[in-house]
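Read the structure below first, then the notes.
The values are calculated or read from the model by the stated rules, or taken from the named source; none is laboratory data. Keep in mind it's a predicted model, so treat the numbers as computed, not measured. Neighbour counts run over all protein chains shown; Cβ positions are idealised from the backbone, glycine included. Surface areas here come from the heavy atoms of the whole protein model, side chains and all, with no ligands, DNA or RNA. Shrake-Rupley method; radii C 1.70, N 1.55, O 1.52, S 1.80 Å.
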Amino acid sequence: MSTAQVPDILSPEFAANPYPAYRAMRESAPLLWHEATQSWIVSRYADVERVFKDKEGTFTTDNYDWQLEPVHGRTILQMSGREHSVRRALVAPAFRGSELQDTFLPVIERNSRELIDAFRDTGSADLVADFATRLPVNVIADMLGLDKADHDRFHGWYTAVIDFLSNLSGDPDVAAAGERTRVEFAAYMIPVIQERREHPGDDLLSALCAAEVDGVRMSDEDIKAFCSLLLAAGGETTDKAIAGIFANLLAHPDQLAAVRADRSLIERAFAETLRFTPPVHMIMRQAAVDVELTGGTVPAGATVTCLIGAANRDERRYRDPDRFDLFRADLTTATAFSAAADHLAFALGRHFCVGALLAKAEVETGVNQLLDAMPDVRLADGFEPAEAGVFTRGPKALPVRFTPVGS
């Protein structure tokens with residue numbers, strides 16, 4: 001298939017519904033040169049998995065030098081080898097095991113409850129504006145010991161960062177706004193980091209200031225860049241995941257009823273949401289050498305755009321992939337939130353999302369509490385959910401009605 005026959009990833013047609021284009025690419029153009037982004041587009045599961053799992057150094061994250069560094073500073077995503085493993089060892093403990101369970105789960109539960117308290121007696125809510133976009137940012141601010149009164153500033157910053165990442169068409173105003181965010185966030189964070197070094201608390205920011213592995217500690221710039229990345233990656237993706245799981249369940253009332261009756265199924269519903277409507281649809285890598293993929297050769301130095309949204313619906317990997325089914329047998333829930341996942345929403349390999357278990361805790365807590373508060377939740381009359389976004393994607397709004405508990 002020629003490039004002209006596949007809807008362009010920058011077209012309004014693609015933005016409205018990318019899934020037919022994904023299918024066309026997988027079938028007829030699994031490796032596609034895209035002139036506007038100067039990258040090779042990869043859409044089949046096996047190829048995207050290979051790029052992410054790369055152990056030979058065939059694919060690097062050098063693309064983040066221009067894609068992320070202008071807005072975040074140099075982050076852990078750009079690092080490799082010992083530098084990467086040490087930095088990951090410094091930050092990872094906070095996002096797994098007892099630290100997550102004991103320290104941050106109560107923070108998640110409290111923030112979720114506070115947001116629901118604002119609408120639990122009203123009988124209506126927009127689950128995107130009133131809950132999903134607010135919970136992750138509030139949780140991260142609390143984890144870092146930042147002032148939640150600054151929520152709107154955090155949200156504005158991470159929205160500008162995501163817009164910068166998504167700026168595939170190269171809009172100069174979007175680029176300038178993203179770069180301005182780096183300056184503003186640094187002006188906000190560096191004094192807080194310095195104050196926390198002198199007067200540590202029991203928050204994540206203090207822990208990052210004190211953390212040491214093999215004699216290495218994080219600089220103020222390291223910590224600022226990680227916090228910037230955490231706000232953007234943890235905010236944007238988790239809010240779309242929470243909205244996505246509800247949009248998918250509301251569109252499948254039988255599966256919503258099953259989850260309502262058996263809350264252990266939330267984990268399966270989240271794993272299937274990550275496959276069916278992943279929050280991040282594209283992740284880029286750079287080829288270090290010439291690489292053979294399905295459909296041809298990617299030359300050394302070229303950028304590769306991995307279409308997670310396409311790969312997660314590859315009929316070569318999943319049966320009936322365009323159907324949301326939390327009971328599907330070909331998706332392993334037990335490993336869905338680890339580097340052994342068989343969906344691609346968190347990437348794979350050494351750059352697997354460090355916050356996957358935090359996202360899982362936020363989604364499971366939020367969905368549980370929302371179902372408790374809204375046992376008969378349903379979409380507002382006449383509302384048809386619509387997704388928006390190309391790089392990241394999720395419901396724009398999700399107005400629901402319910403009978404307040406106790407009414």
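Among (1) out of contact with any Asp or Glu (no Cβ under 6 Å at 6 or more places or on another chain); (2) open to solvent by 20 Å² or more (accessible area, probe 1.4 Å), which single condition is residue 174 missing?
(1)
Taking the stretch 1-31 only, how many residues are without any contact (Cβ under 8 Å) to a residue 60 or more places away in the chain, surrounded by 13 or more Cβ atoms within 10 Å (Cβ to Cβ) and not in a helix (DSSP H, G or I)?
Total meeting the criteria: 4.
Inspect all residues belonging to the stretch 359-374 and state whether any of them is out of contact with any Gly (no Cβ under 7 Å at 6 or more places or on another chain), assigned to a loop (DSSP other than H, G, I, E, B) and surrounded by 14 or more Cβ atoms within 10 Å (Cβ to Cβ). Before you say what the answer is, go through the steps one by one.
If we filter the stretch 359-374 for residues that are out of contact with any Gly (no Cβ under 7 Å at 6 or more places or on another chain), which is where we start, we get 359-374.
Narrowing further to those that are assigned to a loop (DSSP other than H, G, I, E, B): 374.
Of the ones still in play, those that are also surrounded by 14 or more Cβ atoms within 10 Å (Cβ to Cβ) are 374.
Scanning the stretch 359-374, I find at least one residue that is out of contact with any Gly (no Cβ under 7 Å at 6 or more places or on another chain), assigned to a loop (DSSP other than H, G, I, E, B) and surrounded by 14 or more Cβ atoms within 10 Å (Cβ to Cβ), so the answer is yes.
Determine whether the stretch 282-302 contains at least one residue that is part of a loop (DSSP other than H, G, I, E, B) and in contact with a Phe, Trp or Tyr (Cβ under 8 Å, 6 or more places away or on another chain). Spell out how you get there, then give the answer.
Quick first cut of the stretch 282-302, residues part of a loop (DSSP other than H, G, I, E, B) only: 288-290, 294-295, 299-302.
After this cut, where a residue has to be in contact with a Phe, Trp or Tyr (Cβ under 8 Å, 6 or more places away or on another chain) as well, the list is 288, 302.
Looking for residues that are part of a loop (DSSP other than H, G, I, E, B) and in contact with a Phe, Trp or Tyr (Cβ under 8 Å, 6 or more places away or on another chain), one finds at least one in the stretch 282-302, hence yes.
If you take the residues of the stretch 384-407 that are among the small types (Gly, Ala, Ser) and closer than 15 Å to residue 248 by Cβ, which of them is surrounded by the fewest Cβ atoms within 10 Å (Cβ to Cβ)? Full working, then the answer.
Here is the first cut: in the stretch 384-407, the ones among the small types (Gly, Ala, Ser) are 386, 388-389, 394, 397, 406-407.
If we keep only those that are closer than 15 Å to residue 248 by Cβ as well, we get 386, 394.
Details: 386: 12, 394: 26.
Taking the candidates together, the pick is 386.
Kindly indicate the residue of the stretch 32-61 that is outside any loop (DSSP other than H, G, I, E, B) and open to solvent by 70 Å² or more (accessible area, probe 1.4 Å) and also modelled with the highest pLDDT among those meeting that condition. Steps first, answer last, please.
So the first thing to find is which residues in the stretch 32-61 are outside any loop (DSSP other than H, G, I, E, B), and the list is 32-34, 39-42, 45-53, 59-60.
From what is left, the residues that are open to solvent by 70 Å² or more (accessible area, probe 1.4 Å) are 33, 50, 53.
On the way: 33: 94, 50: 91, 53: 85.
Filtering first and then ranking leaves 33.
Among the candidates 147, 121, single out the residue that is acidic (Asp, Glu), on the phi < 0 side of the Ramachandran plot, out of contact with any Gly (no Cβ under 9 Å at 6 or more places or on another chain) and surrounded by fewer than 19 Cβ atoms within 10 Å (Cβ to Cβ).
Numbers: 121 fails: out of contact with any Gly (no Cβ under 9 Å at 6 or more places or on another chain).
Within the list 147, 121, the selection yields 147.
Restricting attention to the stretch 308-339, which residues are over 19 Å from residue 280 (Cβ atoms), of a type outside the set (D, E, K, R) and assigned to a loop (DSSP other than H, G, I, E, B)?
326, 327, 329, 332
Can we say residue 271 is outside any strand (DSSP E or B) and within 19 Å of residue 30 (Cα to Cα)? Quick ask: steps written out before the conclusion?
Values: outside any strand (DSSP E or B): yes; within 19 Å of residue 30 (Cα to Cα): no.
In short, no.
Condition test on residue 277, is it modelled with pLDDT of 95 or more and either buried (at least 19 other Cβ atoms within 10 Å of the Cβ) or not small (Gly, Ala, Ser) (or both)?
yes
Please pick out the residue among 88, 110 that is at pLDDT below 95 and not aromatic (Phe, Trp, Tyr). If you could, list the steps in order and put the result at the bottom.
On the way: 110 fails: at pLDDT below 95.
Result: 88 is the single residue among 88, 110 that is at pLDDT below 95 and not aromatic (Phe, Trp, Tyr).
Restricting the search to the stretch 200-239, which residues are in contact with a Lys or Arg (Cβ under 7 Å, 6 or more places away or on another chain) and either without any contact (Cβ under 8 Å) to a residue 40 or more places away in the chain or not small (Gly, Ala, Ser) (or both)?
Once the filter is applied, which keeps residues that are in contact with a Lys or Arg (Cβ under 7 Å, 6 or more places away or on another chain) and either without any contact (Cβ under 8 Å) to a residue 40 or more places away in the chain or not small (Gly, Ala, Ser) (or both), the stretch 200-239 yields 205, 209.
Just checking, which of 337, 346 is among the aromatic types (Phe, Trp, Tyr), touching a helix residue (DSSP H, G or I) at 6+ places or on another chain (Cβ under 6 Å) and under 24 Å from residue 256 (Cβ atoms)? Explain how you work it out, then say what you get.
Values: 346 fails: under 24 Å from residue 256 (Cβ atoms).
So the residue among 337, 346 that is among the aromatic types (Phe, Trp, Tyr), touching a helix residue (DSSP H, G or I) at 6+ places or on another chain (Cβ under 6 Å) and under 24 Å from residue 256 (Cβ atoms) is 337.
Could you list, in sequence order, the residues of the stretch 178-213 that are assigned to a helix (DSSP H, G or I), more than 19 Å from residue 232 (Cβ to Cβ) and not basic (Lys, Arg)? Give the steps one after another, and end with the answer.
From the stretch 178-213, those assigned to a helix (DSSP H, G or I) are 178-198, 204-210; that's our starting set.
Checking the rest, the ones that are also more than 19 Å from residue 232 (Cβ to Cβ) come to 191, 194-198, 206-207, 209-210.
Passing the criteria: 191, 194, 195, 198, 206, 207, 209, 210.
Of all residues in the stretch 124-163, which are farther than 18 Å from residue 191 by Cα, more than 15 Å from the chain's Cα centre (by Cα) and either charged (D, E, K, R) or in a loop (DSSP other than H, G, I, E, B) (or both)?
If the condition is that a residue be farther than 18 Å from residue 191 by Cα, more than 15 Å from the chain's Cα centre (by Cα) and either charged (D, E, K, R) or in a loop (DSSP other than H, G, I, E, B) (or both), then 126, 130, 152 are the ones that fit.
Do any residues in the stretch 183-196 that are more than 11 Å from residue 228 (Cα to Cα) have Cβ atoms under 7 Å from those of residues that are hydroxyl-bearing (Ser, Thr, Tyr) and open to solvent by 30 Å² or more (accessible area, probe 1.4 Å), where the two are at least six apart or on different chains, and which pairs are they?
Every condition considered, no pair remains.
From the set of residues in the stretch 290-345 that are open to solvent by 40 Å² or more (accessible area, probe 1.4 Å) and aliphatic (A, V, I, L, M), which is modelled with the lowest pLDDT?
339
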